[in-house]
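Quick notes on the structure that follows.
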Amino acid sequence: MSAPLSVDGVAAPPRANGELLFAAPWESRAFGLAVSLYEAGAFEWPRFQAALIARIGAWEADRAGDWSYYHHWLAALEDVLVDTGAVPGGEVASRAEALALRPAGHDHPHS
C-alpha cells in the first residue's frame, strides 16, 4: 500500500522539478511519519487528506501566521491520530509543548 501523493490542489505536497520539496529536516520527517502510519494502516488516506484540506482552508480564511504546508501537514496528522483514538489529544499537546522548549538543534531525546 502506497500513499496516493500524485494529487493536485491544496493537498498536494510542494514539489520542484517533480521531486518532493522540504525546506527543513523536520518537514521530511513529518511527511515520512504520516506516510508510514498510513501504510501501517493507522488511518485511511482520504481521512488524512480531508484533515489537511480543512487545516489549509482554516489558514486561508484567517491568514493567521506565515504559510507553511508542512505545519498544516503535521497538524492534520495530529488531528487524524487524535480523532481515530490512536493518540490521546492531551498527549499530543503535552509532547508538542515539551519539544518546543528544547533548544534549537536538539530534536532528539537526551539519554
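Scan (1) within 11 Å of the chain's Cα centre (by Cα); (2) outside any helix (DSSP H, G or I); (3) of a type outside the set (Phe, Trp, Tyr) for the single condition Gly65 breaks and write down its number. Looking at each condition in turn, Gly65 falls short on (1). Please list, ordered by first then second residue, the pairs with beta carbon atoms under 9 Å, 6 or more apart or interchain, first in segment 10-39 and surrounded by 14 or more Cβ atoms within 10 Å (Cβ to Cβ), second of a type in the set (S, T, N, Q) and in a helix (DSSP H, G or I). Every condition considered, the pairs that remain are Ala11/Gln49; Phe22/Ser28. Is it true that some residue in segment 76-89 is modelled with pLDDT under 85, not polar (S, T, N, Q) and not in a loop (DSSP other than H, G, I, E, B)? Yes, the conditions are met somewhere in segment 76-89. Select from segment 44-75 the residues that are hydroxyl-bearing (Ser, Thr, Tyr) and in contact (Cβ under 8 Å) with a residue 12 or more places away in the chain and write down the one among them that is nearest to Ala11 (Cα to Cα). Only one residue fits best here, namely Tyr69.
The values are calculated or read from the model by the stated rules, or taken from the named source; none is laboratory data. Source: prediction; values computed, not measured. Here Cβ is always computed from backbone atoms with ideal geometry, including for glycine, and neighbour counts include all displayed protein chains.
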